[in-house]
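Below you'll find the structure, written out as C-alpha cells, and then a few comments.
The values are calculated or read from the model by the stated rules, or taken from the named source; none is laboratory data. Since this is a predicted model, take the numbers as computed values, not measurements. Cβ sites come from the backbone with ideal geometry, for glycine too, and all protein chains shown count toward neighbours. Ligands, DNA and RNA are stripped out before the accessible areas are found, and what is left, the full protein with its side chains, is counted by its heavy atoms. Shrake-Rupley method; radii C 1.70, N 1.55, O 1.52, S 1.80 Å.
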Amino acid sequence: QVELVESGGGLVQAGGSLRLSCAASGRTANNYAMAWFRQAPGKERDFVASISWSGSSIYYADSIKGRFTISRDNAKNTVNLQMNSLKPEDTAVYYCVAGPSPRTQRIGEYDYWGQGTQVTVSS
C-alpha cells in the first residue's frame, strides 16, 4: 500500500510559478514510477508528467513542455512538480499518482492516487 499526499497548490497570477510536492509513504513507495495528472472543471483527468523510480526516465505532456519540471527525491520519498509561466488553462486539481511504469499516460495504469491539490491561475 502506498499513500500519497499532495501540497503546494494555491492561487497565482498568470506568468507566475508554483511548486507542488507529493509525499509518499509505504514500504515500497520508492519502487514505483510517479506521475502528475490534472483535472480541470468539467473535463477529464489528463496526464501532466511522469518520472521513473530512478529518475532517469521523464515524460511530459505537450501542453506543459518547457514550463513544468518533474523531479523526485527517493531519500525523502517526495516527488515535485515545478510549474513556471503558468497560464489560466493550467487551472485544475492536480493529482499525484504511483504506478509500475512512467511510459504510460493512461489513468488506469496507475495504482495509487492522492487526494489532489487545487491550482488556480488568474488572468
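The table for this structure:
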| quantity | calculated |
| --- | --- |
| Single residue of the range 96-117 satisfying the filter (in a strand (DSSP E or B) and of a type in the set (Val, Ile, Thr)) that is farthest from Ala35 (Cα to Cα) | Thr117 |
| The range 25-41 - residue that is over 14 Å from Tyr110 (Cα atoms) and modelled with pLDDT of 95 or more and, of those, most open to solvent (accessible area, probe 1.4 Å) | Gln39 |
| Ser50 being among the hydroxyl-bearing types (Ser, Thr, Tyr) and buried (at least 18 other Cβ atoms within 10 Å of the Cβ) | yes |
